[in-house]
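Beneath this line is the structure, given in structure tokens, with notes to follow.
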Amino acid sequence: ANLVARCMFMSGVRRGDVFQNMVGYGLFTGGLGFQYGAERLGTLTIPSGSGNSKRQITLMGDFGTTVIHIIPSYALHLWKVFEEMGLDPKKDTQLRIALIGAEPHSDATRQRIEEMYGVEAFNSYGLSEMNGPGVAFECPEKSGMHFWEDHFIIEVIDPKTLKALPDGEEGELVFTTLMREAMPLIRYRSKDLATIFPEPCRCGRSHRRISRIKGRSDDMFILKGVNIFPLQIDTVLMTLAEVGTNYQVVLERENFEDKMIVQVEVRPEFFKGDLRQLERLRRQITESLRSEILVTPKVELVEPDTLPKSEGKAVRVIDRREM
Ligand SMILES: [Zn+2]
């Protein structure tokens, strides 16, 4: 609770804020973890949980919510619900800060959330095995997440050789707890891939920073011999203005050949039936993805709201290949 309170304070949350915790409670530690942290900080805390989008928006209005904790893919989805209700979160809410985390997301996704809601969005990192949230968090500089070196020793190792890597190289994060009494863990492998930035941060805090989590070493998939992280696809798609708030990647195997199909929702204003324009967009997305992941995907443009939505962590990759 103290660490989450520290993280929230760093991002600018103060006593007097109204905090809506829009993630699942129960075994998912992001719920209760932020609840206790926010109570420690002294905000009015609304345990709204995940899902039930219209009620979430009503709560925001009734309580004058200023800070939300939300899973990024759900934030993108919720914005559409605002739109359906004829509301604009920039004008019709008092939101100023969004704490986002619990699933890998790109900086482009963060920028979208900031624009859509008119907020400052901060990336949060934690894992259940290390008490949940509050392990590392972004400061206002938004260039990497400070991890709390008074509570954890963090190392980066090469997941294959298990050797420790120097700061600045990417590898798997390994944690040792310093303050836990009941269940200390020593050199616990997280499977989360990131880099440690050794340089001091411009904000002046001396705790070192880790990069955005690139993915889990086990959510990487291999297509035609190329290693691909879902985050690479997220970065490409969320940078394009025409792309809507949802997409899905399907992997198939046909005649012993792997295929990647990327289904992308197009924003309604761009989905106007001008086939040439859509075809141009489709080619542009294919080309951008190809230059990032070095494999040519089959891109399908679909109408807004046709792909399955998620209210918890998003399932973006569906692997239908049979081995
Ligand atoms: Zn900083």
Mind grabbing the accessible area of Arg187 for me, 1.4 Å probe, Å², rounded to tens? 120
Report the calculated FRET efficiency for Arg202 and Glu300 (r = Cβ-Cβ distance, R0 = 41 Å), to the nearest 0.05. 0.45
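Suppose accessible area is computed on protein heavy atoms with a 1.4 Å probe; arrange Asp219, Asp258 from highest to lowest.
On the way: Asp219 55, Asp258 20 Å².
So, going from the largest accessible area down, we get Asp219, Asp258.
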Per principal axis, descending, Cα span of the range 17-109 in whole Å: 35, 29, 23
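Express the relative contact order of the chain as a whole percentage, based on alpha carbon pairs under 8 Å and six or more residues apart in sequence. Can you show the working numbers first?
Numbers: 659 pairs, mean separation 43.5, N = 323.
Relative contact order of the chain: 13 percent.
To the nearest 0.05, what FRET efficiency results for Asp274 and Leu165 with a Förster distance of 35 Å applied to their C-beta separation?
Working: r = 50 Å, r/R0 = 1.43.
Plugging the Cβ-Cβ distance into 1/(1 + (r/R0)^6) gives 0.10.
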In a Gaussian network model over the chain where Cα atoms closer than 10 Å are linked, find which of Met238, Met260, Met145 has the largest mean-square fluctuation. Met260
For Arg290, what accessible area in Å² do you get when you roll a 1.4 Å probe over the heavy atoms of the protein chains, rounding to the nearest 10? 90
Quick one: check the C-alpha center-to-center distance for the range 229-301 versus the range 1-58, whole angstrom. 34
Please list, in chain and number order, the residues 5+ apart from Leu185 or on another chain whose amide H is under 5 Å from its amide H, with Hs placed from the backbone. Thr177
How much accessible area per residue does the chain have, in Å², with a 1.4 Å probe? 47
Would you kindly state how much longer the chain becomes between Ala108 and Arg267 on full extension, computed as 0.36 nm times their sequence separation minus their alpha carbon distance, in nm to one decimal? 55.6 nm
Would you mind telling me which residue in Asn246, Asn131, Asn255 has the biggest mean-square fluctuation in a Gaussian network model of the chain, where springs connect alpha carbons within a distance under 10 angstrom? Asn255
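Calculate the FRET efficiency for Arg14 and Lys54 from the Cβ-Cβ distance with a Förster distance of 25 Å, rounded to the nearest 0.05.
Numbers: r = 29 Å, r/R0 = 1.15.
That gives a FRET efficiency of 0.30.
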Near the amide H of Ile318, under 5 Å away, which other amide H atoms are found, from residues 5 or more places off or on another chain, if H is placed in the peptide plane? Val249, Val250, Leu251
If you roll a 1.4 angstrom probe over the protein chains with everything in place, what fraction of the accessible area of the chain belongs to carbon and sulfur, to the nearest %? 52
Could you bin all the Cα-Cα distances of the chain into 10 Å bins starting at 0 and give me the percent of pairs in each, rounded to whole numbers? 6, 25, 32, 25, 11, 1, 0
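Please report, in debye to the nearest 20, how large the charge dipole of the chain is about its Cα centre when each Lys and Arg carries +1 at its beta carbon and each Asp and Glu carries -1 there. Mind dumping the intermediate values first?
Details: 42 positive and 46 negative charges, 55 e Å.
Around 260 debye, computed over the chain.
Determine the alpha carbon to alpha carbon distance for each of Lys160/Lys214; Lys80/Lys214; Lys91/Lys214; Lys224/Lys313; Lys80/Lys272; Lys54/Lys142 and list only those over 25 Å.
Values: Lys160/Lys214 17 Å; Lys80/Lys214 27 Å; Lys91/Lys214 33 Å; Lys224/Lys313 27 Å; Lys80/Lys272 18 Å; Lys54/Lys142 30 Å.
Checking Cα-Cα distances, Lys80/Lys214; Lys91/Lys214; Lys224/Lys313; Lys54/Lys142 exceed 25 Å.
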If I build a Gaussian network model for the chain, linking alpha-carbon pairs within less than 10 angstrom, which residue out of Gly30, Gly118, Gly273 has the largest mean-square fluctuation? Gly273
Lys91 to Glu39: extension gain in nm, 0.36 nm per residue of separation minus the Cα-Cα distance? 16.0 nm
Taking only protein heavy atoms and a 1.4 Å probe, the highest-to-lowest accessible-area order of Arg282, Arg316 is Arg282, Arg316
What nm value, rounded to one decimal, do you get for the distance between Leu185 and Val81 when each label is placed 7 Å out toward the C-beta? 3.1
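Order Thr65, Thr29, Thr239 by their accessible area, 1.4 angstrom probe, all chains in place, largest first.
Numbers: Thr65 0, Thr29 40, Thr239 95 Å².
Solvent-accessible surface, decreasing: Thr239, Thr29, Thr65.
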Spelling it out for Gly24: with amide H atoms placed in the peptide plane at 1.01 Å from N, the residues 5 or more places away or on another chain with amide H under 5 Å from its amide H are Ser50
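The values are calculated or read from the model by the stated rules, or taken from the named source; none is laboratory data. Predicted, not measured: the structure shown is a model, and the values here were computed from it. Quick reminder, even Gly has a Cβ in these numbers, built from the backbone with ideal geometry, and neighbours come from all protein chains shown. SASA here: full protein model, heavy atoms, side chains in, ligands and nucleic acids out. Shrake-Rupley method; radii C 1.70, N 1.55, O 1.52, S 1.80 Å.
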